[in-house]
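Only one structure is covered here, and it is reproduced in the block below.
Bear in mind these aren't lab numbers, they're just calculated from the coordinates by the rules spelled out. Being a predicted model, the structure only gives us computed values, none of them experimental. Cβ sites come from the backbone with ideal geometry, for glycine too, and all protein chains shown count toward neighbours.
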Amino acid sequence: MQTNGHTKNGHALPLDAADFSDAEERQVVIIGTGPAGWTAALYTARAGLEPLVYQGSEPGGQLMTTSDVENYPGYPEGVLGPQMMDDFEDQATRFGAEVRSGRVTDVDFSGRPFRLLVDEETPVRARAVIIATGASAKYLGLENEQRLLGRGVSACATCDGAFFKDQEVAVVGGGDSAMEEALFLTRFASKVHVLHRRDELRASEIMAERAFDNEKITFRWSQEVRDVLGEETVEGVLVEKNKTGETYELPVEGLFIAIGHTPNTAPFAPWLETDADGYLLTEPDSTHTNVEGVFASGDAQDHVYRQAVTAAGTGCMAAIDAERFLAEADANSEIDEERTETEYHEAAAQDSEEQATLS
Ligand SMILES: Cc1cc2nc3c(=O)[nH]c(=O)nc-3n(C[C@H](O)[C@H](O)[C@H](O)COP(=O)(O)OP(=O)(O)OC[C@H]3O[C@@H](n4cnc5c(N)ncnc54)[C@H](O)[C@@H]3O)c2cc1C
């Protein structure tokens with residue numbers, strides 16, 4: 001578990017410089033418009049909380065980068081990722097969710113109402129905050145990788161494996177996730193090539209053994225993918241043997257990149273508990289973070305399932321948690337003891353002093 005607690009340590013300065021005295025105040029601000037954010041928006045809007053939703057730099061989230069989604073319930077024929085996110089947006093805005101462009105760049109969760117800074121300049125206050133900022137798959141940064149994303153290049157075997165029935169695919173990575181992806185792909189693919197830049201795996205022994213025992217999986221040690229080949233769809237990968245520098249073309253129809261994900265949680269890290277990889281920690285069976293009134297949902301909090309339907313599920317949970325939190329706070333009249341600008345800055349200065357004494 002990692003947290004910097006309620007400190008100013010490593011905290012960006014713009015928020016301290018911003019003037020919140022006339023800032024707009026909302027019941028709930030939802031950060032992110034992937035499946036988690038839109039579902040939280042739908043539920044909080046239907047609960048009459050008039051949520052404000054910030055889209056960030058990837059409106060619609062990860063599904064905007066994919067074509068067919070075949071595993072979201074309610075779409076028997078499948079649906080294109082961007083279409084599905086349009087549907088989510090239409091449903092949430094129909095009940096009054098207000099969506100704005102902008103990225104939350106800094107927050108102050110030291111007292112309520114919470115303070116958020118959008119695009120480093122616009123101050124907003126919120127009685128409750130739902131974080132739905134997702135996670136970004138790490139890619140290799142190859143010249144043709146993004147062009148062929150969704151056309152054979154994927155970062156999710158659970159999502160896209162079924163499209164590669166009886167075809168040869170490659171998996172890049174050497175950890176547990178890479179082994180899981182490779183093993184899952186053997187259900188569909190005729191052959192799975194695992195390319196790993198080292199000559200041994202990082203994966204746990206049990207996962208490695210399962211992969212070694214599977215006759216559909218071939219390991220290509222000390223080899224790195226240098227580019228993805230193909231015009232419309234993936235036709236192969238250019239591989240370099242890193243011990244000799246020799247290159248060759250491996251004909252495959254799919255390339256699965258399994259080198260990890262980065263949760264988009266940096267602005268919140270000074271205030272919220274995270275695991276060692278930066279995923280937000282929540283109390284068991286809930287979306288409560290360590291700060292009362294701040295809730296976390298979707299891939300920013302879930303590094304296990306990472307699916308649209310699970311993200312939507314925790315988005316729903318976060319909305320219900322936020323609604324109950326606000327109702328209880330109203331009933332107890334205990335929330336939002338308004339702090340003046342001076343009081344905020346005094347508290348921040350005191351935090352800094354305490355930090356300086358501790359370090
Ligand atoms: C190529 C691909 C194909 C996939 N296919 C499938 C599939 O077929 N089926 C399936 O179930 N899942 C699939 N997934 C996984 C699925 O997309 C994710 O599990 C899901 O999108 C997670 O939803 P989320 O709402 O948590 O986050 P995301 O969808 O990642 O959305 C995050 C949102 O937060 C916003 N944001 C981030 N930081 C900030 C900030 N600081 N301020 C404001 N906004 C911010 C972003 O702009 C974005 O709108 C796929 C993923 C990929 C990459």
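Relative to the longest principal axis of the Cα atoms of the chain, the long axis of helix 308-332 makes an angle of roughly 10 degrees.
Mean separation of Cα pairs under 8 Å and 6 or more residues apart, divided by the residue count, gives the range 11-110 a relative contact order of 32 percent. Taking Pro76, Pro251, Pro123 as the candidate residues, the one with maximal mean-square fluctuation in a Gaussian network model of the chain, Cα springs under 10 Å, is Pro76. GNM, the chain, Cα, under 10 Å: largest mean-square fluctuation among Ala296, Ala312, Ala47? Judging by the Gaussian network model, the answer is Ala47. Cysteines in the chain that lack a partner Cβ within the 4.7 Å cut-off: Cys316.
Taking a virtual spin label 7 Å from the Cα of Ser190 along the C-beta vector, which residues in the range 160-179 bring their backbone nitrogen under 12 Å of it? The answer is 165-169. Subtracting the Cα-Cα distance of Glu209 and Ile259 from their residue separation scaled by 0.36 nm leaves 16.1 nm. Of all lysines in the structure, the ones whose alpha carbon falls short of 30 Å from that of Lys191, not counting any fewer than 8 places away in one chain, are Lys138, Lys165, Lys216, Lys241, Lys243. Angle of helix 176-185 to the longest C-alpha principal axis of the chain, folded into 0 to 90 degrees and rounded to 10: 60°. Counted over the range 153-257, the DSSP beta bridges are approximately 40% antiparallel.
The alpha carbon gyration tensor of the range 153-257 gives principal lengths a ≥ b ≥ c with a/c of 1.5 or higher and a/b no greater than b/c, which makes the shape oblate.
Who wins for biggest fluctuation among Met84, Met317, Met207 in a Gaussian network model of the chain, springs between alpha carbons below 10 Å? Maximum fluctuation in the GNM of the chain, among the listed residues, is at Met207. List the residues of the range 124-147 whose backbone N lies under 16 Å from a point placed 7 Å from the Cα of Asp227 along the Cα-to-Cβ direction. Under cut-off, by backbone N: 140-147.
Using the alpha-carbon atoms, what tilt in degrees (0 to 90, nearest 10) does helix 81-94 show relative to the longest principal axis of the chain? Relative to the chain, helix 81-94 is tipped by roughly 20 degrees.
The simple spin-label model puts a point 7 Å past each Cα toward its Cβ; for Glu343 and Ala276 those points are separated by 4.1 nm.
Summarising the strand pairing of the chain, around 45 percent of its internal DSSP beta bridges are antiparallel. Note on the chain: helix-only mean residue ellipticity at 222 nm, from DSSP H runs of 4+ residues weighted -39500 (n - 2.57) and normalised by residue number, equals -8500 deg cm²/dmol. For a test of the definition: using alpha carbon positions, the gyration tensor, and the 1.5 limit on a/c, classify the chain as rounded, prolate or oblate. It is prolate, given that a/c is not under 1.5 and a/b is the larger ratio.
Given their separation in residues at 0.36 nm each and the Cα-Cα distance between them, Glu200 and Glu143 gain 17.8 nm when the chain is fully extended.
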